[in-house]
Structures are given as structure tokens and as C-alpha cells.
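**Q** Just dropping this structure here.
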Amino acid sequence: MLISWNVSLVLLSVLVAMTGSFTALAHAERMRESSERAAMWWMILGSITLGAAIWSMHFIGMLALHLPIPLAYDTFLTLLSIVPAIGSALLGFWVLRDEQIGSLRLFISGLVMGAGISLMHYTGMEAIKMSPPIGYSPMVVVLSVAIAVIASWGALLMMYRGNRIKLHSLLRSLLGATIMGLAISGMHYSAMLGLDVAPGSMCLSTEFSIEPRLLAVLVALISLFWFGGGILASMFDQRLARQNAHALTDLEEAHSELQQRAAQQAEEMTQSLRESEERFRLTIDKALDAIITINVDGKIVGWNSEAEKMFGYFAAETMGKELAELIIPERYRCRHREGMQRFLSSRVPTILGTRVEVAAFRQGGEEFPIELSIVTIPHGKELFFSAFLRDITQRKQNEQKIHQLAFYDVLTNLPNRRLLTDRLQQALSVSARNHHHGALLFLDLDHFKTLNDTKGHEIGDLLLVEVARRLSSCLRDGDTVARLGGDEFVLVLETLDLKADIAANQAEAVAEKIQAALNEPYQLKGRNHRTTPSIGIAMFKGHRDSLDELLKYADIAMYQAKTAGRNAIRFYDPKTQSEIEARADMETELRLALEESQFQLHYQIQVDSRRRALGAEVLLRWVHPVRGLVSPMDFIPLAEETGLIVPIGLWVLETACQQLRAWQDEPLMCDLTLAVNVSVKQFRQRDFVARVRQVLQDSGAKPGQLKLELTESMVQENVEATIAKMGELKQLGVNFSMDDFGTGYSSLQYLKQLPLDQIKIDQSFVRDLATDTNDAAIVKTIIAMGAALGLDVIAEGVETEAQCEFLVANGCHAFQGYLFGKPVPLEQFSALFSAGA
């Protein structure tokens, strides 16, 4: 029967065989280069790849065959035919797995692979079931098998013996793959030449109805894809292997270089150690610390020059002597020896590697503090101890000075506030444990500021030192006296009685003892001086009250002693505490009042004897949003004490001057004067004159219509400065009135020097004119004095016609009081004035 071939499919089959062979041989090479499990996987993968190449080549070659009759292939036999190809390849690769391969083993591998190729071919041919069966020429069969075996053996020879012909490994692989591909193809097509198909034969198989060209291309693409993936995997693995090999080579080179360098460094270090040994000995000898070395028996074997300076012994005197006997105080020697023995038996360090402060002896028996650190130095089988010692005498003295400065008052050497806080906290804790009462005494010297101002701070300091000495002599052991600052002292009495009343009596007895001691006269630079204490006492038990609260309670009690007339002893009173807290609240509200404009000025008219208006006195009122109208008696003293009277007084002055300016445009009120009270602190301000000048300029008020009221007590202090300041204001045109005249102790000598325009009779004399002859006499005297000095006289507090008639009869022609009008707000004052009231 006539046979023809599809040349393109024939060429495709040869290409598939060569590509698959190249891939399989690459896997075999990776198998030989890998180890253990990786080699096994490469062997299996290579076997499958070569078997697939043989099978694909055969299948495509069969599809290239054209017979006059339609052909089909039995599916099972077609697929089964790949098994002998894979199996023979696996056996062949198994033989080739070792690194060293002999010629016999190469021949056996070629024989196995050739047999597998042949077996696969003839098994695949059985998939074409012809009737009558296909016949084969025996000579052609033998030839085809021989071609397969010889070509496979040649391919393996090229792979594993090709280095003898000096070819590159890639060229050897390509040449081997070509030979192997030709072996597979040659065996197939030579076998097909001996094919005998009888005329009239029929194909009994019914499988594979797909068009042969398409099926061949599909098989070829799948095979080539598989082979390409295998080649890429092989190349990737080979690249990794090369990288690992390079890394290993680099590592080995680095290791070798490191060994050489280490050897060189070891030699250099040995030489350096030899050279530095002498330097080390010199360093030890010149070290700033004393360095002493002893053996396990405590005998001295090393003693540097600093040790000679520190302890006074030459090195030669100390060698072989026991360290403890030489420099350790006797009370510590047993502990030193026990510590040595404990370490030698247990090897557990206690002070080794740490710094400790201990005492040491110099030659001659002087004891001094040192800082000590000890290290062990093994030398062969022997063990030595090196001690590094530093004289810390100066440091200890400095620390003592720092401690003294931090916790003690510089002037009196008493504990300061910081140490008092610590002592008081301890006292509270002791009281909490033993349930005994304790007491806190707050002491302040009466009129100490006066002594400082009149005699100078040096005398004041001498007094404080003597007070501190007397206080210390009055206390029991365990009690504390501290100076808070200035003339304030605090005493802490611990462990008083369990009963509160008895404990209070004990605290009072101590306070009375202190009072008696401090009342004794003092000799200060040859002069006698007396002072008295005001003492406040706050009792405590445990932690019922905090430290800050106790100090506050004692301070409040001391304040009660002050208000009781000084030189007194008072216990803390909760009622006073409530008053002080209320006072503190008012102070806060008073500051807020100034910010929120809660103050108002009320105006009380001043008239002459014909009841004609001369002017008015402005009186400050506080309209609280909750309390309502707050009495000046409640807030003016607080404003004076806190200094708020200065900004408040400035506001009063500014408001009054603005009102004067406003009245200048009203015919009925343009000639009125306004009297403004000036506080002591306000008048004592250095810039008081400048402020008054600025207020007058800013407001545009006429200075002659502004009258400043001063008190007698204000002008008594530093009269010369007061006269000078009043003179400056008089030059501006401002008038002055002395308020509450007659209540103080004014000197007529000073009074006549003051640039006053008016004196005001205090209402306390006016109130009882009709019934008290003394008040009547005083009023007559004041009026006469005013007339003698050329001063106007005005009486305040005039409430009855009888009082007014008496004053007029005795020469007083200006009045102020309820008889003529109460202090009223501006709107009401203006309305009454406009109505002619």
C-alpha cells in the first residue's frame, strides 16, 4: 500500500524530540550537581521530560503518516505507550546519578534508553488496529533498535565525555540533545520504512476524530511548553546553584583571609601586650587612685605611689604585711577577714565589682573616709585581689555643706522648711503608730519689723540667732524647732499624752516655757532689747489633718494671739478658720469686683452755714451680684491689707475727676468740689503725684475743685517726704483736707508745716456735743486751732439741728452729715441737686 508523509509534521516531530532531549539532559545535569532529595526530584522530572519527548515525537510522527485509508488510534494503547519511554529514561538516569560515570555505565544507560525508545514506538504502533495486522521487516526492526541504542549512547557520551573535545558546556548539551533527538527520530522513521500494510487493509480503531494537523500542533505546543518550563526551571536552579557556589567560594576566601588577619592580629597583640605591660605598671604607679593588691591570705603584694601618699607608708614597708592590720580600723577587721573567707569558700561576691564607702587608717592613726572597689585577678592557679581606693574627705565635707544649705537655715542653723516638712511627716507617722498626740507651735516675734527698720538688719539677725538658741534650749530630745523665714519659727512636739486634754496642757506648758525664755532681755551689741512672742498651737494625732492644714491651723492660732494683744498663746479655733476662709473668699471676689466694674461712687453733700452746696465727698460702695451692697467696713480694711486699695483708689480718683469735668458744663454744679479719700498705700506710691497729674490731664478736671483727704496717721510717718509730695500736688492746684482730725496724735510743729487747706472734725466728737462736755471742748479747740492756722474747718457726722447750731455758734461754717443728705448714687444726687434739694 502506498505511504506518504507530511513533511512539516515530520520536521515538527524532530524539533520536539530535540527540544525534549535538551530539557531532559539539562535535568540530568542538575541531578548530578544536586544532592539527595533535590537530585531525586531532578531525576524524576528528567525521566518524565524525556519520556514525554519520545512519546510526543512518535505521536506527531504518526500523525504525519498518510495512508490511502483513514487512520485512528486506540486511546488506551496510545497513552500506555508513554510508560516504557518514561521507565527507560528513569532507569537510564538512575545509572547516571553518580558524579563519576564509567564507560560501561554510559553504555548500559544508552542501551536502556534505546530499548525504551524502541519499546515505546512499537507499543504506540499497536494503537493502530489494522485488519489484516501491520507487518514489519525484521532487518528494519533490528536496524531501528540499533539506531536508538547507538544514538542514545552517543548523546550520553557527548554529555559526559564531551569535555575531552574542549567544547563549551552549552554546546555539548545542544550537541547531545541533537544526537538524542536524532536517535528518537531516526529510530521512529527507520522503523516506519519497514512497515508492511497489506492492500485493502482497514483500520479498526475509532478514536481521535480530530483533524491530524491540529492534533499534532496541539501536542507539539503542549510538549514545547512543558520543555520550555523545564529548561527555565533548570536554568533558574542552575543560577541559584552558581550563586550559592560563588557565595561559598567568597565565604571560604573571606574565612581564609580572616584566619590570616586573626593570626596577624594575634601576633601584633602579643607584641603589643609585651610592650604595654611596662606601660601598665607605670600607669598603676601613676594612677590618681591608691591601688593595693593582696593575695588570698590578705598579705600585701602591690602598693602604688598614690597609696604611699594616701596612707603614709612606703611600698617597701608594706610588702608581705597583712592589709587589715595596716590600714583597716580595728572595728572592721573581723568583718574583712570573714568576707575574704566567705568568698574563697563560696566564690559568691558581695562587694566585688561595686563601689562602697568605708573608713581607713593613715599612718599615725588618723581615720578618714575612702571609696573602695575591689576586683579579682586570676594569675595561673593563684588568685589576687586589687583594691582601688579614693580619699573622699573633701567630697564628704562638700556633701555636708550641701546638706546643710539644703536643709538648714543659714543664719540660725535651725532646720528650714524642707527639713521641717520631713520631720513633721515623720511625727505624723509616729503618732499614727503609737496613738499619742503631738503639737505644732507657730511662733512670731512681736514688732520685729520695727526693730529691723529702726536698728538695722544686723541687730535683727543677732536677735534671731539668740531666739533660735533659746528655743532649742526649751525643747525635749526628739522635738524639732525650725525657722520658716523672717521672724517665724515652728516647733514640732512629739509623743505627748494619749489623752487630748493632758496633751494640750503639755503643749501649753512648753509654750509658756518658750514665752518666758523669749521675754527675757537681750544684749545686742551692748544694748538691752526686749521682744515678745505670739504663739499659735495646733494639736495633731495621726494623719487626720494634712501637713499643710496643720501649718495653716497653727498660723491661724498665732494670728489669734496677735489679735489678742500679742505676747499671747492661743490654740487653733475653727471659728477663726471660718472667718479667715471667708476673708480669703472676699479677697478673691474683691479682685473680681475691680475687673467687672462692681464698684460705685456715692456722693454725700457738703454745705455751708446757709445750707448752700459747697461740694461733696465721694464714698466707695461695692454692689456685689450676690451679696448685694457690701459695707465699706467689711472690704476697705481687706483692700488696704492686700494692696488692692491702690488700683481701687486710682479708679475712684479717675471716676471723681471725670465727674468734675462733666459738672463743669452744668451751671448749677460747675463750682462744686469733690473730696476723695486717699489711702496710706496709695499715697506712699512713688508715682502717686505723676498719676494724679495724669488723671487730671486725661479727664480735663480743674485741679482746684479736687480735694484729697489724708488722715493724721498717714502724715505722721516720714513727715518731710509727705510735705514734699503734698507740695508737688499743691503746685498742680490740688487742695488737701485732714480727715478725722483730733483722733490721732498730730504734732502742731508738723501740722503747721503741712500745706493743708482744711481740717475735718471727726464725727466721734460731733455725735455727743450736746451731752459730753469733753467732746464740746475738743470741738471748740479744733475750730479755734483751724482759725489760728488759717484753715477751713468742716464737721462730719452732723445729724441734728442742735449739733449744727453749736458748730455755727463756735465758728464752724462747713458741714457734712445726714442732716443735709445721706451718701447717694450719682443719678439720685444729680436729681436732688437739680430739684434744689
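**Q** Please report how far the C-alpha centroid of region 6-22 lies from that of region 666-727, rounded to the nearest whole angstrom.
**A** What the calculation gives is 126 Å, centre to centre.
**Q** Would you compute, for the Cα atoms of region 681-806, the largest minus smallest coordinate along each principal axis and list the three values in descending order, in whole Å?
**A** Largest to smallest, the principal-axis extents are 47, 31, 26 Å.
**Q** Would you please state which residues of region 612-629 a label at residue 827 would reach in this model, taking the label point 7 Å out along Cα→Cβ and a backbone N cut-off of under 19 Å?
**A** Taking a point 7 Å out along Cα→Cβ of residue 827, the residues of region 612-629 whose backbone N falls under 19 Å are 619-626, 628-629.
**Q** Using +1 at the Cβ of each Lys and Arg and -1 at the Cβ of each Asp and Glu in region 391-540, identify which of 506, 432, 467 lies farthest towards the dipole's positive end.
**A** Of the options given, the answer is 467.
**Q** In percent, how large is the relative contact order of region 686-806, given Cα pairs closer than 8 Å and 6 or more residues apart? Let's see the in-between values first.
**A** On the way: 152 pairs, mean separation 26.2, N = 121.
RCO, region 686-806: 22 percent.
**Q** Please compute the length gained on full extension between residue 680 and residue 429, using 0.36 nm multiplied by the number of residues separating them and subtracting their Cα-Cα distance.
**A** 85.6 nm
**Q** Take the cross-link list 760/780; 681/707; 449/525; 449/725; 681/725 and give me the ones stretching past 20 Å between alpha-carbons.
**A** Flagged as over cut-off: 449/725.
**Q** Counting Lys and Arg as +1 and Asp and Glu as -1, each charge on the Cβ, what is the dipole of region 554-676 about the Cα centre in debye, to the nearest 20? It would help to have the intermediate numbers written out before the result.
**A** Details: 12 positive and 18 negative charges, 96 e Å.
That gives a dipole near 460 debye.
**Q** Provide 41, 55, 303, 622 ordered by accessible surface of protein heavy atoms (probe 1.4 Å), highest first.
**A** Details: 41 155, 55 40, 303 20, 622 0 Å².
Largest accessible area first, the list is 41, 55, 303, 622.
**Q** Would you list, by chain and number, the lysines whose Cα falls below 28 Å from the Cα of residue 499, excluding same-chain residues fewer than 8 positions away?
**A** Partners found: 513, 541, 552, 575.
**Q** With charges set only on the Cβ (+1 for Lys and Arg, -1 for Asp and Glu), what does the dipole of region 372-447 come to about its Cα centre, in debye to the nearest 20?
**A** Computed charge dipole of region 372-447: roughly 300 debye.
**Q** Which distance in nm do the two modelled labels at residue 662 and residue 582 give, with both placed 7 Å along the Cα-to-Cβ direction?
**A** 3.5 nm
**Q** At R0 = 45 Å, how high is the FRET efficiency between residue 255 and residue 348 if r is their beta carbon distance? Nearest 0.05 is fine.
**A** 0.65
**Q** Another one. Taking only protein heavy atoms and a 1.4 Å probe, what accessible area per residue, in Å², does region 580-656 have with all protein chains in place?
**A** About 49 Å² of surface per residue is accessible.
**Q** Now a separate question. Calculate the dipole size of region 614-673 relative to its Cα centre from +1 charges on Lys and Arg beta carbons and -1 charges on Asp and Glu beta carbons; express the result in debye to the nearest 20.
**A** 200 debye
**Q** Further question: So which trypsin sites (Lys or Arg not before Pro) in region 331-398 are both in a DSSP loop and have at most 14 other Cβ atoms within 10 Å of their Cβ?
**A** 347, 362, 381
**Q** Just the Kirkwood number for region 539-626, please: inverse of mean 1/r across all distinct Cα pairs, in Å, one decimal.
**A** After inverting the pairwise mean of 1/r, the radius is 17.1 Å.
**Q** Find which of 296, 340, 314 sits farthest along the positive direction of the dipole of region 294-349, computed with +1 on the beta-carbon of Lys and Arg, -1 on that of Asp and Glu, about the Cα centre.
**A** After comparing all options, I get 340.
**Q** Shifting gears a bit: Testing the spin-label approximation: label points 7 Å from Cα along Cα→Cβ at residue 405 and residue 315. State their distance in nm.
**A** 4.0 nm
The values are calculated or read from the model by the stated rules, or taken from the named source; none is laboratory data. Everything quoted here is computed from the prediction, not taken from an experiment. Backbone-built Cβ (ideal geometry, glycine too); neighbour counts: all protein chains shown. Only protein heavy atoms, including side chains, enter the accessible area calculation; ligands, DNA and RNA are left aside. Shrake-Rupley method; radii C 1.70, N 1.55, O 1.52, S 1.80 Å.
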